[in-house]
Structures are given as C-alpha cells and as structure tokens.
1. Check A281 against each of (1) without any contact (Cβ under 8 Å) to a residue 24 or more places away in the chain; (2) under 30 Å from P210 (Cβ atoms); (3) of a type outside the set (D, E); (4) assigned to a helix (DSSP H, G or I) and name the one condition it does not meet.
2. Given the conditions (1) modelled with pLDDT under 90; (2) on the phi > 0 side of the Ramachandran plot, report the number of the one that S97 does not fulfil.
3. I'm checking my understanding of the structure. Among residues of the stretch 210-244 that are among the aliphatic types (A, V, I, L, M) and out of contact with any Lys or Arg (no Cβ under 7 Å at 6 or more places or on another chain), which one is nearest to G300 (Cα to Cα)?
4. What is the residue count in the stretch 252-302 for residues that are closer than 20 Å to P61 by Cα and among the β-branched types (V, I, T)?
5. Condition first: buried (at least 17 other Cβ atoms within 10 Å of the Cβ) and in a helix (DSSP H, G or I). Can you find one or more residues in the stretch 206-214 that meet it?
6. Looking at S92, S147, S97, S123, can you tell me which residue is under 30 Å from A301 (Cβ atoms), more than 35 Å from the chain's Cα centre (by Cα) and either in contact (Cβ under 8 Å) with a residue 60 or more places away in the chain or not assigned by TED's automatic domain parsing to the domain that holds T264 (or both)?
7. Would you check which residues across the stretch 160-172 are part of a loop (DSSP other than H, G, I, E, B) and either buried (at least 18 other Cβ atoms within 10 Å of the Cβ) or touching a strand residue (DSSP E or B) at 6+ places or on another chain (Cβ under 6 Å) (or both) and list them?
8. Pick from A243, A251: which is buried (at least 17 other Cβ atoms within 10 Å of the Cβ), in contact with a Phe, Trp or Tyr (Cβ under 7 Å, 6 or more places away or on another chain) and closer than 27 Å to Q141 by Cα?
Amino acid sequence: MLRRLNLFLVLILFLLAAGAVGYFLYEEQQTERLIVAAGARSSEGFQLVQAVADVVNANYPKIYMDVIETGGSLDNSRLMNAGYADLATFQSDASSSMRARLVADLYPDAYQLIVRRSANIRSVADLKGKSIALPSKGSAQNTSFWSLARHYGLDESTIHGLPMSNRSAEWALISDAVDAVFRVRAPGDATIKQLIERADITLVPIEQAPALHLRNSAIKPGRIPKGSYRGNPPLPEQDLETASVSRMLVAADDVSDEIVYEITAVLFERRRELSELSPLASLITAPNIDSGTTLPLHEGAARYFDREKPSIWSKQADLLRTILSLLAIFASMTFGFRNWFQGAQKNRADAYNHDLLGLLESAKQGEHPAEHYREALREILVRVIEDLDNDRISSDGFDEFSFTWQAVSQLLESTPTSEERAAT
C-alpha cells in the first residue's frame with residue numbers, strides 16, 4: 001500500500017513538473033502581435049518604423065510588429081490611450097499619452113516652411129495676409145505651426161490657414177491656390193522633395209528657434225543642410241536655420257520589458273540592416289530625458305541601455321517561483337502523509353501486541369480451554385499477515401509483533417489450563 005502511495009505521489013510530482021515545462025515551452029513559442037501607430041504611410045518616419053518592423057519580424061519569431069497608418073502624433077496618442085496601439089511615433093513637442101514610455105529618439109524633425117518664390121515670403125512674419133496649407137486640425141504639426149505663428153504675433157485672423165492632406169497641399173501649392181505649405185518632417189523628406197521637383201518653390205528659414213525653446217523646451221535649434229532637396233542648383237542654397245523636435249519611438253506601459261528590450265536591441269545592434277531599408281536609421285539615438293519631453297523611459301529600454309541583460313532564470317522568475325512553491329507544498333504533503341501513515345502502521349502493530357498480551361493474561365487466569373487460545377493466536381497471526389500484505393503495518397512493526405507472538409505462544413504452552421489446574 002505504501003509503495004503504491006509513494007508511486008502515486010511521485011507520478012503527481014512528475015506530471016506537475018511536465019506540465020510546468022510544457023507551459024514554459026508553450027510560452028516560448030507564442031508570438032506577441034504589436035500594433036505600431038506610425039503616421040502617414042508616405043512619410044519618412046513611417047518607412048523607418050516599417051524597416052524596424054521588417055527586421056524584428058524576420059529575426060524574432062516571438063514578436064510581430066504590424067505598422068499602421070495614422071493621422072500623426074496626436075492620433076497616435078489617442079490610439080495608445082485607448083489601448084489600440086502598443087508602440088507609436090510622437091513629436092517631442094506634442095502632448096502625448098499618459099501610457100507612453102520612451103524607447104528611442106528616431107531622428108530630428110525639422111519645421112519646414114515651403115513657399116512659392118512668387119509669393120515674396122522670406123520669413124515667418126511675411127505670412128501675414130497669406131494662405132498656407134496646413135496638416136489636419138488636431139494633428140501635432142498643425143499645433144506646432146500655430147505655436148510658431150503666435151511667437152511672431154500671427155493668428156487665425158491674420159493668416160488664412162487651410163488644413164488639408166499632403167496630396168491636396170501639393171496640388172494647392174502647384175496650382176497657386178495657396179502661398180505656402182508647412183510640414184514637420186526630417187530634412188530630405190521624400191514627399192517634400194517630390195513637391196519641390198514639381199514647382200518653383202523655396203524654403204524659408206525659421207531663425208528664432210532658441211526663443212521658441214524658451215516657450216517649449218522640446219523645440220531645439222536645427223538646420224536643413226544645403227542641397228537637401230536638390231543638388232544643382234542646390235536647394236536650400238545654404239544651410240537653413242530652423243526649429244527642430246525629436247521624432248520619438250514610444251511603447252505603452254503594459255508592453256513587456258522583454259519585448260521592448262529586444263526591439264531596442266534591434267534599433268542599436270542591427271543598424272546596418274535598418275540603414276539599407278531606411279537612411280534615417282543612422283540617426284537613431286538613445287533618448288535624452290532632459291530634451292524637453294516629460295515621458296519616462298520604458299523599463300525594457302532602460303535595461304538595454306544599462307546593459308543589464310537578464311538571464312533565462314530571471315526572465316522566468318515568477319514561473320520558477322510558482323513551480324518551486326508547488327513542489328515544496330507537495331513534498332511537504334508527501335512527507336507529512338508518510339509520517340502519518342507510518343504512525344498508523346505502528347499503532348496497528350501495537351494494538352496486535354496488546355491483543356497478544358491480553359490473550360496471555362486471559363490464559364493465566366484459565367478462563368478458556370487451551371484450544372481456544374491456540375485458535376486465537378492463529379487468528380491474530382492471519383490478520384497480521386493480511387495487514388502486512390496490504391501495508392497496514394510495516395515490516396518493522398511485523399518484526400516486533402512476531403517477537404511478541406512467539407513469546408506469548410511459548411508462554412501459553414507452559415501455562416496450565418483450568419482443566420489441568422483442576423486435575424492437580
């Protein structure tokens with residue numbers, strides 16, 4: 001009985017361990033699907049994020065990044081707040097999601113004021129009384145423009161701002177329906193370059209970036225390098241002063257540290273692969289939390305930058321602690337039951353010994369014929385052997401019983417019965 005019980009308990013422990021290993025292997029094979037909100041599909045930022053997704057998806061089977069087109073930073077923020085986006089790109093000067101955590105600075109985005117040469121616009125102040133195509137209302141770029149305009153004393157009453165799509169803005173500028181277009185894009189942006197190739201336009205400097213920084217610490221002085229959009233004749237004709245903000249990659253606070261760690265590793269350790277897909281990959285840097293943004297760093301990214309790469313044991317610490325706790329509980333139950341069972345076996349053997357002593361005492365008093373006691377001894381021995389076979393008493397208990405049984409048997413042989421005492 002005890003042997004079967006021990007085998008049963010060992011089987012339970014084996015099944016628990018096998019189940020834990022199976023769960024571990026199952027978790028290892030699961031793919032985490034991440035939605036990445038990345039702005040307009042035509043933008044350089046979208047192409048960079050798509051490049052990151054392509055490299056991650058090709059090399060990390062546990063992660064799948066699905067990049068979706070959105071209306072921009074504020075749209076991305078709303079999606080992340082609502083739980084529809086796991087990662088996103090943000091302008092550092094835009095209000096952002098409370099759930100967002102920094103992963104990396106992707107590249108600097110420049111304020112770019114693109115104007116028709118015939119419009120006679122040489123500075124932001126010259127926009128007074130002019131019409132300008134702007135990104136959609138509610139977008140971070142739209143907010144950036146009106147913040148810039150207010151710095152120069154301009155507002156909706158002095159500028160005819162027309163929110164429209166990129167394609168509509170291109171058409172409006174080419175057809176002279178508007179005098180200017182405003183974008184916050186990386187220098188050399190493909191959509192701006194395409195627009196420049198189709199019309200006689202130029203770029204206007206934004207010369208008061210340090211003053212803008214006083215209003216919004218996320219805005220920094222920047223420049224658009226000479227020839228960014230055309231080499232001959234160069235456009236711009238010289239390095240152009242402008243304002244600059246960081247385009248950031250952020251992750252929601254509930255994206256696991258391990259996944260963000262792996263994505264961050266791709267950004268900095270697979271730079272060559274990324275650069276083949278998007279030239280902007282060479283501009284990716286570790287986030288500077290003092291750069292004006294109030295977003296905290298994601299713990300997974302922080303672990304990468306600190307190079308505190310966890311072992312497989314620490315990654316699965318919770319699972320291992322659970323397994324060890326279950327094993328300890330079952331081991332304790334096993335030993336506790338074993339001790340209880342062995343105690344029960346000893347008590348049963350002791351009871352048989354007491355029966356033997358009681359039989360001997362009865363024989364001394366001559367209460368029954370000799371055959372009665374011999375039959376009683378045989379019955380007790382049969383019961384004990386049956387209990388031994390069924391593990392109701394232990395082998396040690398049987399040894400003690402057999403010693404007592406033999407002693408009582410010999411004493412009964414030498415003890416006179418009532419008939420013998422009467423005959424004498």
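The values are calculated or read from the model by the stated rules, or taken from the named source; none is laboratory data. Values in this document were obtained by computation on a predicted structure and should not be read as measured data. Virtual Cβ from ideal backbone geometry, glycine too; neighbours counted across all protein chains shown.
1. (1)
2. (2)
3. We begin by selecting, within the stretch 210-244, every residue among the aliphatic types (A, V, I, L, M); these are 211-212, 214, 218-219, 224, 235, 240, 243.
Filter once more, keeping what is out of contact with any Lys or Arg (no Cβ under 7 Å at 6 or more places or on another chain): 211-212, 214, 218-219, 224, 235, 243.
On the way: A211: 35, L212: 33, L214: 32, A218: 24, I219: 27, I224: 33, L235: 41, A243: 31 Å.
The extreme case among them is A218.
4. Number of matching residues: 6.
5. In the first step, residues of the stretch 206-214 are kept if they are buried (at least 17 other Cβ atoms within 10 Å of the Cβ); the result is 206, 208-209, 212.
So of that shortlist, the ones also in a helix (DSSP H, G or I) come out as 209, 212.
Checked against the condition, which is being buried (at least 17 other Cβ atoms within 10 Å of the Cβ) and in a helix (DSSP H, G or I), the stretch 206-214 yields at least one hit.
6. S147
7. Taking the stretch 160-172 as the starting set, the residues that turn out to be part of a loop (DSSP other than H, G, I, E, B) are 164-165.
Across the stretch 160-172, the qualifying residue is only M164.
8. Going through A243, A251 in turn, just one is buried (at least 17 other Cβ atoms within 10 Å of the Cβ), in contact with a Phe, Trp or Tyr (Cβ under 7 Å, 6 or more places away or on another chain) and closer than 27 Å to Q141 by Cα: A243.
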